[in-house]
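Student: Just dropping this structure here.
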Amino acid sequence: MSLMDQPKVQITYHDVVEGTSNFSSIPDVKLLEMQIESTRFILPGKLAGKYSPECFLKMVKNDPLSKAGSGKDVRHFEFEAVSSSIEYEVGDVVHILPGQDAAAVDAFIKRCNLNPESYIQVQVNDNKENEQSYDLRNTLKVPVRLKTFVELAMDVASASPRRYFFEVMSYFATAEHEKERLQYFASPEGRDDLYEYNQKERRTVLEVLDDFPSVQMPFEWLVQLVPPLKTRAFSISSSHSAHPNQVHLTVSVVSWTTPYKRKRTGLCSSWLAELDPQKSGLIPAWFQKGSLPSPPPSLPLILIGPGTGCAPFRGFVEERALQSQSGPTAPILFFFGCRNEENDFLYRDFWLFHSQKGGVLSEEKGGGFFVAFSRDQQQKVYVQHKMREESFKIWNLLTEGAAVYVAGSANKMPSDVLLAFEEIVSKEGGVPKEAAVRWLRALEKAGKYHVEAWS
């Protein structure tokens with residue numbers, strides 16, 4: 001950082017009275033919408049061209065799906081739209097803006113010597129370089145309480161800061177040993193040590209600031225350099241036709257241990273898991289098309305969704321069950337996988353109900369429901385093993401024009417599933433492997449092989 005570097009934003013402070021006088025008569029929903037629009041314009045990127053949420057959700061159900069003590073925590077969440085009616089199709093995705101831990105926000109404000117009650121307006125400094133990073137037409141239109149700005153826009157206790165944060169910190173460090181260490185971290189020689197200290201440990205902004213107590217950064221620099229609070233995307237696990245004005249999610253609560261044995265949790269999943277439906281506040285949400293297009297009722301489906309990959313297919317099955325009440329529907333083969341039948345057989349009763357006589361997953365309707373329990377026997381059994389066992393059914397449905405949908409973890413699963421399809425097409429179609437590969441590539445080009453994978 002040279003002495004010439006200036007923050008890209010400037011902040012105007014307002015008297016509390018001046019900043020709040022007009023707000024008392026505004027309803028909660030509208031006020032929160034204004035605050036979100038006013039704080040989040042400063043962040044790079046926006047959803048569906050909108051800074052303000054499409055709607056606000058209220059949690060009405062928070063049910064565990066996995067067995068306590070199984071080493072996994074998977075939840076079923078149900079939300080109702082509060083502010084406006086919602087519209088989505090099966091296969092769509094909802095983005096949620098998570099809340100932050102109140103104690104962490106307070107600790108950050110205290111550590112940075114900020115006044116949580118002051119009202120601020122943030123503006124982008126008007127120069128050519130900034131125009132590429134920010135939308136200059138947007139300046140913070142209404143003054144916002146500083147604490148609200150931090151809560152809605154700055155990720156203080158989850159994301160790790162970037163290298164430039166350490167460079168700017170070195171400029172404001174007054175203790176010599178801290179300045180030297182920060183300069184080293186920001187240098188090419190210190191890159192590996194910075195990675196070990198920061199990214200690998202998922203060190204948060206608050207932890208980094210606490211490790212260098214002599215640093216007092218101006219709020220302008222903090223607004224620019226603290227990672228933005230990002231929305232989290234989830235596959236919707238309900239059909240809007242079956243649950244008007246509701247949206248359901250199937251969420252694995254993320255937790256892990258760092259190399260230095262520090263426990264970490266996913267910001268949004270753990271925040272949602274701790275919400276009490278009786279006391280749930282307003283949750284900002286945006287809806288978007290995912291990579292799984294909504295299928296017409298006449299299209300046969302082969303669905304592969306191990307673990308929480310089953311989420312979108314719960315919506316698919318709900319929708320098709322509803323459609324089957326008013327007319328003929330095409331068959332569905334669904335391959336699900338989990339570790340143990342006892343511990344994490346997600347939505348067990350739901351799938352079994354729809355597999356019964358006349359259900360959309362029933363053999364009678366040309367469908368089928370197949371589960372791989374990977375840890376319930378000595379050899380691990382995954383969805384691709386179950387697929388090979390049912391290769392005749394899969395091939396028959398493919399020849400009838402079925403579309404394939406794959407959802408779940410982005411590790412090896414999608415490629416293992418594709419390999420199983422190649423083997424099935426080769427074996428049942430009586431063609432060499434290369435021809436099977438080409439056949440599946442053509443299926444993908446025709447818009448009939450969809451994958452939604454997440455890390």
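The values are calculated or read from the model by the stated rules, or taken from the named source; none is laboratory data. These numbers were taken from a predicted model, which means no experiment stands behind them. Methodologically, a virtual Cβ is constructed for each residue, glycine included, from the backbone with ideal geometry; neighbour enumeration extends over all protein chains shown. These area figures cover heavy atoms from the full protein model, side chains too; ligands, DNA and RNA do not enter into them. Shrake-Rupley method; radii C 1.70, N 1.55, O 1.52, S 1.80 Å.
Student: Filtering region 254-308 down to residues that are under 30 Å from residue 415 (Cβ atoms) and β-branched (Val, Ile, Thr), which residue is surrounded by the fewest Cβ atoms within 10 Å (Cβ to Cβ)?
Tutor: 257
Student: Among (1) closer than 27 Å to residue 161 by Cβ; (2) within 24 Å of the chain's Cα centre (by Cα), where does residue 221 come up short?
Tutor: (2)
Student: Answer yes if at least one residue in region 41-49 is out of contact with any strand residue (DSSP E or B) (no Cβ under 6 Å at 6 or more places or on another chain), of a type in the set (Phe, Trp, Tyr), at pLDDT below 80 and crowded, with 20+ Cβ neighbours inside 10 Å, and no otherwise.
Tutor: Within region 41-49 (the criterion being out of contact with any strand residue (DSSP E or B) (no Cβ under 6 Å at 6 or more places or on another chain), of a type in the set (Phe, Trp, Tyr), at pLDDT below 80 and crowded, with 20+ Cβ neighbours inside 10 Å), the answer is yes, since at least one residue qualifies.
Student: Let me ask something additional. What is the residue count in region 309-326 for residues that are touching a Ser or Thr at 6+ places or on another chain (Cβ under 9 Å) and open to solvent by 30 Å² or more (accessible area, probe 1.4 Å)? Spell out the reasoning first.
Tutor: Applying the first criterion (touching a Ser or Thr at 6+ places or on another chain (Cβ under 9 Å)) to region 309-326 yields 309-323.
Applying the additional criterion that residues be open to solvent by 30 Å² or more (accessible area, probe 1.4 Å) yields 319, 322-323.
Of the residues in that region, 3 qualify.
Student: Let me ask something else about it. Does region 239-247 include one or more residues that are surrounded by 22 or more Cβ atoms within 10 Å (Cβ to Cβ), touching a residue at least 12 places away in the same chain (Cβ under 8 Å) and either touching a strand residue (DSSP E or B) at 6+ places or on another chain (Cβ under 6 Å) or small (Gly, Ala, Ser) (or both)?
Tutor: The answer is yes; a qualifying residue exists.
Student: Mind checking which residues of region 323-352 are aromatic (Phe, Trp, Tyr) and within 24 Å of residue 403 (Cβ to Cβ)?
Tutor: Of all residues in region 323-352, those aromatic (Phe, Trp, Tyr) come to 334-336, 345, 347, 350-351.
Answer for region 323-352, where residues must be aromatic (Phe, Trp, Tyr) and within 24 Å of residue 403 (Cβ to Cβ): 334, 335, 336, 347, 350, 351.
Student: Additional query: Picking from 35, 10, which residue would you name as being touching a strand residue (DSSP E or B) at 6+ places or on another chain (Cβ under 7 Å), modelled with pLDDT of 65 or more and outside any strand (DSSP E or B)? Before you say what the answer is, go through the steps one by one.
Tutor: Working: 10 fails: outside any strand (DSSP E or B).
Answer to the selection: 35.
Student: If we scan region 447-454, do we find a residue that is under 23 Å from residue 295 (Cα atoms), surrounded by 18 or more Cβ atoms within 10 Å (Cβ to Cβ) and free of Cβ contacts under 8 Å to residues at least 24 places away in the same chain? Full working, then the answer.
Tutor: Of all residues in region 447-454, those under 23 Å from residue 295 (Cα atoms) come to 447-454.
Next, only the ones that are surrounded by 18 or more Cβ atoms within 10 Å (Cβ to Cβ) stay: 448-452.
This time we only want the ones that are free of Cβ contacts under 8 Å to residues at least 24 places away in the same chain, so: none.
Looking for residues that are under 23 Å from residue 295 (Cα atoms), surrounded by 18 or more Cβ atoms within 10 Å (Cβ to Cβ) and free of Cβ contacts under 8 Å to residues at least 24 places away in the same chain, one finds none in region 447-454, hence no.
Student: Which helices (runs of 4 or more DSSP H) does region 373-446 wholly contain that include 2 or more residues that are touching a residue at least 12 places away in the same chain (Cβ under 8 Å) and more than 29 Å from residue 70 (Cα to Cα)?
Tutor: The helices (runs of 4 or more DSSP H) meeting that bar are 391-399, 413-429, 433-445.
Student: Hey, which of the helices (runs of 4 or more DSSP H) in region 169-226, taking only ones fully inside, have at least 3 residues that are open to solvent by less than 40 Å² (accessible area, probe 1.4 Å)?
Tutor: Values: elements: 176-186, 191-197, 205-211, 219-225.
Passing ranges, in order: 176-186, 205-211, 219-225.
Student: Being among the acidic types (Asp, Glu), open to solvent by 70 Å² or more (accessible area, probe 1.4 Å) and closer than 27 Å to residue 234 by Cα: is that true of residue 341 here?
Tutor: Numbers: among the acidic types (Asp, Glu): yes; open to solvent by 70 Å² or more (accessible area, probe 1.4 Å): yes; closer than 27 Å to residue 234 by Cα: yes.
For residue 341, the condition - among the acidic types (Asp, Glu), open to solvent by 70 Å² or more (accessible area, probe 1.4 Å) and closer than 27 Å to residue 234 by Cα - is met.
Student: Can you tell which of 419, 443, 398 is over 17 Å from residue 308 (Cα atoms), open to solvent by 60 Å² or more (accessible area, probe 1.4 Å) and in the same structural domain as residue 335 (by the TED database)?
Tutor: So the residue among 419, 443, 398 that is over 17 Å from residue 308 (Cα atoms), open to solvent by 60 Å² or more (accessible area, probe 1.4 Å) and in the same structural domain as residue 335 (by the TED database) is 419.
Student: Follow-up. Of these, 319, 341, 364, 274, which one is in contact with a helix residue (DSSP H, G or I) (Cβ under 9 Å, 6 or more places away or on another chain) and of a type in the set (Asp, Glu)? Talk me through it step by step, then tell me what you get.
Tutor: On the way: 319 fails: in contact with a helix residue (DSSP H, G or I) (Cβ under 9 Å, 6 or more places away or on another chain); 364 fails: in contact with a helix residue (DSSP H, G or I) (Cβ under 9 Å, 6 or more places away or on another chain); 274 fails: in contact with a helix residue (DSSP H, G or I) (Cβ under 9 Å, 6 or more places away or on another chain).
That would be 341, the only listed residue that is in contact with a helix residue (DSSP H, G or I) (Cβ under 9 Å, 6 or more places away or on another chain) and of a type in the set (Asp, Glu).
Student: Kindly evaluate residue 235 against the criterion of being in contact (Cβ under 8 Å) with a residue 60 or more places away in the chain and under 21 Å from residue 54 (Cβ atoms). Steps first, please.
Tutor: Numbers: in contact (Cβ under 8 Å) with a residue 60 or more places away in the chain: yes; under 21 Å from residue 54 (Cβ atoms): yes.
Yes, satisfied.
Student: Which residues, counting only those in region 13-32, are part of a helix (DSSP H, G or I), at pLDDT 75 or above and either under 30 Å from residue 168 (Cα atoms) or open to solvent by 70 Å² or more (accessible area, probe 1.4 Å) (or both)? Can you show your working first?
Tutor: Taking region 13-32 and keeping what is part of a helix (DSSP H, G or I), we get 16-20, 28-32.
From what is left, the residues that are at pLDDT 75 or above are 29-32.
Listed by number, the list holds a single entry, 30.
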